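Enquirer: To start, I am sharing the structure in question, which I have written as structure tokens.
The values are calculated or read from the model by the stated rules, or taken from the named source; none is laboratory data. Since the structure is predicted, the reported quantities are computational estimates derived from the model, not experimental observations. We place every Cβ from the backbone using ideal geometry, glycine too, and count neighbours over all the protein chains shown.
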Amino acid sequence: MKVIKPTFFDALNIAGAERIHSQTIAWIFSLPDTILSDKRKSKTLCKLFGIETNQIFSNIKADTEIGRIDILINSDNYQFAVEIKLTSSEHTEQTNRYEIPLKLRSTNKQIQYAFLTLTDEKAKNQNWKNITFKELKNCLEPLKDVEDEKVKIFLSEYIDTLDNLTSVFEKFLNNPCDFPNVFKDGNKSKHEKETQKIDVLDYVRTNQLETIFQKAFLHNLTKDFPCYVEIRETRGVALAQIVVDKFKYKDTQFDLGLQLQGKTLKINLRGEDYGNSTKDLIDTHLTDCFERTFRNQNTYRKLNNPKRKAYLSVSRRLPIEIYEFEKQVLIRLINNDLKFIEEKRQDFYKLL
């Protein structure tokens, strides 16, 4: 494995801090014209946001944490809004909620939106351009030749930090089995994690990248599935919820599907509005029908009754950790279970 060359940001253990990236990017686009001209800033922005015309924006300055937006880059006629997700994912429809206040505040300017992530997570709002840290690094690379020596050093350190982040992520995606700590330490606090002897593994620990890497692993695993897949996490452990079908029971809409989290597979049903649901939506009749259909089939032996939310499942444990499977073997295993749910769902609905 490639040896990480620690940068200033790495030495201070801040390479994984989203706020540091916001402030550094804002600093770059706020450099005086004598150090970094509007022409060069404009070229970088056009490349980053995918603007085909080589426009030159005037009076470019950037701020952070404006109206909850991580970075807001202003020019005379344009605004560029950037939301950063490094160790976390989009939540509570952020890209949808942030767009309206920006439009109200900037009625006389064209607004470009960017959703910047390490793992190429997609924004929930399609008006936001998805940009990766690798693309950011490539766009900033030409700026290393600035003449101001202090700026050049700091800018180079930041670009090298982006290179460390992206190269470690790419190594993980190519060989997840080489990163067991990603799957074992996601639910641990930083001080509970053991220092790793291999530098790329310890880089994950230092920057607390375990959970977001797990999510990327599950996305890469399920991206070609025909079903709707929701990837999220509970207590630092990522899960993939695969929705096979929807059904209605006593005026409540439910999802029927398969969940993969850690070594556990669950055939489950949950209230479609799961976050606002309560366990009393699942009565004894629904539980009995579900159990009769899916329990003690395909080694799904354990019944998990609702606790607080409308969620019922039967589960089984995999013989090895998910990262130890060959990818195609694991995909085939999941597809077999999805096929089983497809075949049994009509029996379940008849019992209802």
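Enquirer: Got at least one residue in segment 48-56 being farther than 30 Å from Thr234 by Cα, of a type outside the set (Lys, Arg) and under 21 Å from the mean Cα position of the chain (by Cα)?
Expert: Yes, segment 48-56 has at least one match.
Enquirer: Now for a different question. Restricting to segment 174-192, what's the tally of residues that are touching a residue at least 24 places away in the same chain (Cβ under 8 Å) and either assigned by TED's automatic domain parsing to the domain that holds Trp27 or not in a helix (DSSP H, G or I) (or both)?
Expert: Adding up the residues that qualify gives 5.
Enquirer: Still on this structure, I have one more. Would you please name the residue that is farthest from Ser313 (Cα to Cα), looking only at residues in segment 332-351 that are acidic (Asp, Glu) and surrounded by 13 or more Cβ atoms within 10 Å (Cβ to Cβ)? Spell out how you get there, then give the answer.
Expert: First, pick out the residues of segment 332-351 that are acidic (Asp, Glu): 337, 342-343, 347.
Within this subset, residues satisfying the condition of being surrounded by 13 or more Cβ atoms within 10 Å (Cβ to Cβ) are 337, 342.
Working: Asp337: 14, Glu342: 16 Å.
Only one residue tops the list, namely Glu342.
Enquirer: Something else now. Of the conditions (1) surrounded by 15 or more Cβ atoms within 10 Å (Cβ to Cβ); (2) assigned to a strand (DSSP E or B), Glu65 fails just one. Which one is it?
Expert: With (1) surrounded by 15 or more Cβ atoms within 10 Å (Cβ to Cβ); (2) assigned to a strand (DSSP E or B) applied to Glu65, the lone miss is (1).
Enquirer: Output the number of residues of segment 146-205 satisfying the condition of being over 19 Å from Leu218 (Cα atoms), basic (Lys, Arg) and surrounded by fewer than 18 Cβ atoms within 10 Å (Cβ to Cβ).
Expert: The number of residues fulfilling the criteria is 5.
The rows are residues; the columns are (1) in a helix (DSSP H, G or I); (2) over 30 Å from Gln259 (Cβ atoms); (3) among the aliphatic types (A, V, I, L, M).
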site	(1), (2), (3)
Leu143	yes, yes, yes
Glu147	no, yes, no
Leu155	yes, yes, yes
Val168	yes, no, yes
Thr211	yes, no, no
Lys215	yes, no, no
Leu221	yes, no, yes
Asp224	no, no, no
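Enquirer: Please work out which one of (1) more than 20 Å from Glu90 (Cα to Cα); (2) surrounded by fewer than 22 Cβ atoms within 10 Å (Cβ to Cβ) is the condition Phe254 fails and give its number.
Expert: It is condition (2) that Phe254 fails.
Enquirer: Continuing with this model, one more query. From the residues in segment 39-62 that are surrounded by fewer than 17 Cβ atoms within 10 Å (Cβ to Cβ) and over 21 Å from Asn127 (Cβ atoms), which one is modelled with the lowest pLDDT?
Expert: Filtering segment 39-62 for residues that are surrounded by fewer than 17 Cβ atoms within 10 Å (Cβ to Cβ) and over 21 Å from Asn127 (Cβ atoms), the one modelled with the lowest pLDDT comes out as Asn54.
Enquirer: While we're here: How about segment 235-352: which strands (runs of 3 or more DSSP E) wholly inside it have at least 2 residues that are over 30 Å from Lys188 (Cα atoms)?
Expert: 237-249, 252-261
Enquirer: Just the residues that are in a helix (DSSP H, G or I), of a type outside the set (A, V, I, L, M, F, W, C) and more than 24 Å from Lys41 (Cβ to Cβ), please, taken from segment 100-120.
Expert: Within segment 100-120, the first condition is being in a helix (DSSP H, G or I), and the residues that meet it are 100-105.
Within this subset, residues satisfying the condition of being of a type outside the set (A, V, I, L, M, F, W, C) are 101, 103, 105.
Residue satisfying the conditions is Pro101 alone.
Enquirer: When Phe9 is evaluated against the numbered criteria (1) without any contact (Cβ under 8 Å) to a residue 60 or more places away in the chain; (2) over 26 Å from Ile231 (Cβ atoms), which criterion, by number, is the only one it fails?
Expert: It is condition (1) that Phe9 fails.
Enquirer: Can you list residue pairs whose Cβ atoms sit under 6 Å apart, with the first residue in segment 36-62 being within 15 Å of Ile25 (Cβ to Cβ) and the second being of a type outside the set (A, V, I, L, M, F, W, C) and part of a helix (DSSP H, G or I)? Count only pairs 6 or more apart in sequence or on different chains.
Expert: Ile60/Asp38; Ile60/Lys41
Enquirer: Next up: Return the only residue of Ile35, Ile84, Ile14, Ile20 being assigned to a strand (DSSP E or B) and either at pLDDT 95 or above or within 25 Å of the chain's Cα centre (by Cα) (or both).
Expert: Answer to the selection: Ile84.
Enquirer: When you scan segment 291-304, how many residues do you find that are touching a residue at least 24 places away in the same chain (Cβ under 8 Å) and within 32 Å of the chain's Cα centre (by Cα)?
Expert: Of the residues in that region, 4 qualify.
Enquirer: Sticking with this structure for a sec: Of all residues in segment 214-230, which are under 21 Å from Lys171 (Cα atoms) and either in contact (Cβ under 8 Å) with a residue 60 or more places away in the chain or not hydrophobic (A, V, I, L, M, F, W, C) (or both)?
Expert: Result: Gln214, Lys215, Ala216, Phe217, His219, Asn220, Leu221, Thr222, Lys223.
Each row is one residue, and each column tells you yes or no for (1) assigned to a strand (DSSP E or B); (2) under 16 Å from the mean Cα position of the chain (by Cα).
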residue	(1), (2)
Ile71	yes, no
Ser88	no, yes
Tyr98	no, no
Lys122	no, yes
